[in-house]
Amino acid sequence: MIYKSVINDELWDKAHWVATAFAFPSVGNSTPIMAFVFENEKFALRIFQQWQSDFEKNDTKEQLRIAIIEGDIPGQPIGYTIHLTSNPEVVLKNADVSEIRDGQVKMATICRFQRMQSSEALTRFKSVYFNSHEFFIMPALYDRSTPSNIHPYTNLSILKRDIYFRNAKDISKSDLDSVIFRAQQ
């Protein structure tokens, strides 16, 4: 069994991911930003410090897989889900031959996902991303006492190129992204 995860479950539990925000530089077709908004600064920063240590400032190997799944999920509000997990293709590529039995591999990983309300920001993010073919991820801090105040940490940004835009109706029970349905039951 291969166990590999870019998600440190303990840090994510303590950081408390509450939202995802999108930002767009004011210069033409510049690179858009996806900020994961947390309530606990200390642990949020540690997540991204660890990622920068693992990926550097550019996840060229695409070790972190990000999917945005639009469409209805029974029992959930209308919106979309952001799903974060290790990229299974990268995990398999780096697997030890001894972990492969009869051409088959069992793999376990940890994921995180967040259901968000539909917004124009996602539509704009997709449009800018399709022009630039890259985006930054970074942490941001949410302050409950001032909800409109979200503080991004641009010094911890990581450049990404791959993102999976999907529709919930296209996800089968054996699909990597199907966890977003099972967790709601």
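Miscellaneous remarks
- The value obtained for the chain, namely the Cα convex hull volume divided by the number of residues, is 138 Å³ per residue.
- Entries of 57/169; 4/160; 57/93; 61/169; 14/169; 93/126 with Cα pairs more than 24 Å apart: 57/169; 61/169; 14/169; 93/126
- Near residue 4, the amide H atoms lying under 5 Å from its own belong to 108; only residues 5 or more places off or on other chains count, and H is placed 1.01 Å from N.
- Heavy-atom surface analysis with a 1.4 Å probe gives the chain a carbon and sulfur content of 48 percent of its accessible area.
- Degrees, to the nearest 10: 120-132 long Cα axis against longest axis of the chain: 70 degrees
- Note on residue 148: accessible area is roughly 110 Å² with a 1.4 Å probe, heavy atoms of protein only.
- Sequence of 109, 60 when ordered by accessible area, the most exposed leading, probe 1.4 angstrom: 60, 109
- For the chain, calculated [θ]222 nm from helices alone, where every DSSP H run of n ≥ 4 adds -39500 (n - 2.57): -7000 deg cm²/dmol
- Top of 138, 107, 34 by mean-square fluctuation, Gaussian network on the chain, Cα under 10 Å: 107
- Scattering curve values for segment 1-81, log₁₀ I(q)/I(0), Debye with Cα scatterers, q = 0.12, 0.24, 0.25 Å⁻¹: -0.48, -1.31, -1.31
- In the full protein context, the chain carries 56 Å² of accessible surface per residue, based on a 1.4 Å probe and ignoring ligands, DNA and RNA.
- For the chain, built as a Gaussian network whose Cα springs stay under 10 Å, the top-fluctuating residue of 169, 93, 14: 93
The values are calculated or read from the model by the stated rules, or taken from the named source; none is laboratory data. It should be emphasised that the depicted structure is a prediction, and the values quoted were computed from it without experimental measurement. Surface areas here come from the heavy atoms of the whole protein model, side chains and all, with no ligands, DNA or RNA. Shrake-Rupley method; radii C 1.70, N 1.55, O 1.52, S 1.80 Å.
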